[in-house]
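Below is one structure, written out as structure tokens; comments come after it.
Any read-out appearing in this document is the output of simple, stated calculations on the displayed coordinates, not a laboratory observation. Remember, predicted model here, so these are calculated numbers, not experimental data. Here Cβ is always computed from backbone atoms with ideal geometry, including for glycine, and neighbour counts include all displayed protein chains.
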Amino acid sequence: MFDNLSDKLDKALHVLKGHGSITEVNVAETLKEVRRALLDADVNFKTAKEFTNSVKEKALGQNVLTSLQPGQLMVKLVKDELTELMGGETAGINLSGTPSVILMSGLQGSGKTTFSGKLANYLKTKKSKKPLLVACDIYRPAAINQLHVVGDQIGVEVYSEPENKNPVAIAQNAIAHAKQNGFNVVIVDTAGRLAIDEAMMAEIADVHKAINPQETLFVVDAMTGQDAVNTAKAFNEKLNFDGVVLTKLDGDTRGGAAISIKSVVDKPIKFIGTGEKMDAIDVFHPARMADRILG
Ligand code: GDP
């Protein structure tokens, strides 16, 4: 059995306490445990180090050393800091447009199409919206079909033009269609590649410019660790996106990518995906993620 971090810190500090006064050195040692937990959760090294340095200053300033339960206090401090680092509060999405246009970006396989369906379903069932899904992948007919299958499952219309090879025109036509037919949210699913390439980036940047969406979301597989951070950086440079969607959190990842991405691109994580089904979506709660990362 592994102790959770809370137990580990409590034990470390308790034992030390029995041997006289707890010192700055002891605090630093227990923070090593915190850093290890962060690295285990796939937080990048630089972020983990900066984080523990900042917690150390706070710990020394807050009388952790003389408290009755220094371990517990330390865990609270770490959790609060982590929560803050991930944005503190839950971040909403902008649905102010008529219609509100949401552009989905990300690599192929990240879960973009699945998430587009989940978001449409969420907005329909939880927010009483009338969403339209748009298939803008002009390279893979299978991707268009996949979105139609998803749309059928959740009872949401899917707009596609299989013969049209111009994603900007498809997106614009879809928005016109939405306006004419009373859809108040338009979710545009774009083409993804297995790795970042210039052509894909140029294409999505063109679509972005032409439709000027209220929300641009970047979808990333939480299991991809450090790669997730590099991908986020590349997409953010091109699109200056508004928020991140972290998918596949039902896997055994601890979700450290959430911290690394937030600290590198400084954009809020807005939603998470927790399974393949259409209802496996949740808004992102920084405090819950902090608990998960700390174990
Ligand atoms: P896209 O290429 O970015 O559009 O990715 P897809 O939506 O096709 O998803 C790729 C694979 O990941 C599919 O097999 C999905 O069922 C699966 N997937 C998507 N989101 C999740 C999730 O949150 N959890 C799990 N376990 N699988 C997911």
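On a full-extension model of 0.36 nm per residue, what is the gain between N230 and E24, subtracting their alpha-carbon distance, rounded to one decimal in nm?
70.6 nm
What FRET efficiency would be calculated for the residue pair A176, K277, taking the C-beta separation as r and a Förster radius of 45 Å, to the nearest 0.05?
That pair, A176 with K277, gives E of 0.90.
Hey, any idea what Rg/Rh is for the stretch 71-125, computing Rh the Kirkwood way over Cα pairs?
Radius of gyration over Kirkwood radius for the stretch 71-125 works out to 1.18.
Where does the chain land at 222 nm, in deg cm²/dmol rounded to the nearest 500, when only DSSP H runs of n ≥ 4 count, each adding -39500 (n - 2.57), divided by all residues?
Result for the chain: -17000 deg cm²/dmol, rounded to the nearest 500.
Starting from the Cα-Cα distance between R288 and A142, subtract it from 0.36 nm times their residue separation and give me the gain in nm to one decimal.
Here the segment from R288 to A142 would lengthen by 49.0 nm.
Quick one: check the C-alpha center-to-center distance for the stretch 67-131 versus the stretch 139-156, whole angstrom.
Between the Cα centre of the stretch 67-131 and that of the stretch 139-156, the gap is 24 Å.
Relative to the longest principal axis of the chain, what angle (0 to 90°, nearest 10) does the C-alpha long axis of helix 70-85 take?
Result, in degrees: 30.
Arrange the peptides 139-145, 119-125, 182-188 so that the one whose residues have, on average, the most other Cβ atoms within 10 Å appears first.
182-188, 119-125, 139-145
Please compute, for the alpha-carbon atoms of the stretch 171-282, the extent along each of the three principal axes and give them in descending order in Å.
The principal-axis extents, from largest down, are 45, 33, 24 Å.
Place a +1 charge on the Cβ of each Lys and Arg in the chain and a -1 charge on the Cβ of each Asp and Glu, then give the dipole magnitude about the Cα centre in debye, rounded to the nearest 20.
Charge dipole of the chain: 440 debye, to the nearest 20.
Could you state the angle between the C-alpha long axis of helix 45-61 and the longest principal axis of the C-alpha atoms of the chain, as a value from 0 to 90 degrees rounded to the nearest 10?
50
Modelled label-to-label distance, E163 and L60, 7 Å Cα→beta-carbon offset: nm?
7.2
Across bins of 5 angstrom width beginning at 0, how are the C-alpha pair distances of the chain distributed, in whole percent?
Reading the bins upward from 0: 1, 6, 12, 15, 16, 13, 10, 7, 6, 5, 4, 3, 1, 1, 0, 0.
Run down the lysines and flag those whose C-alpha is under 27 Å from the C-alpha of K209, throwing out any fewer than 8 positions away in its chain.
Answer for K209, where 27 Å is the Cα cut-off: K112, K118, K124, K129, K130, K165, K179, K233, K238, K262, K267, K270, listed by chain and number.
Do any GluC sites (Glu not before Pro) in the stretch 103-200 lie in a loop, going by DSSP, with at most 13 other beta-carbon atoms within 10 Å of their beta carbon, and if so which?
E163
Can you give the FRET efficiency for N53 and N94, using 1/(1 + (r/R0)^6), R0 = 41 Å, r = Cβ-Cβ distance, to the nearest 0.05?
Working from the Cβ atoms, E equals 0.70.
In degrees between 0 and 90, to the nearest 10, how far off the longest principal axis of the chain does helix 225-239 point, with axes built from Cα atoms?
The angle comes out at about 50 degrees.
May I ask you to derive the FRET efficiency for K130 and I196 from their Cβ-Cβ distance with R0 = 30 Å, giving the value to the nearest 0.05?
Calculated transfer efficiency: 0.30.
Would you list the P(r) distribution for the stretch 241-295, with all Cα-Cα distances sorted into 5 Å bins from 0 and each bin expressed as a whole %?
It works out to 4, 20, 32, 27, 14, 4, 0, in whole percents.
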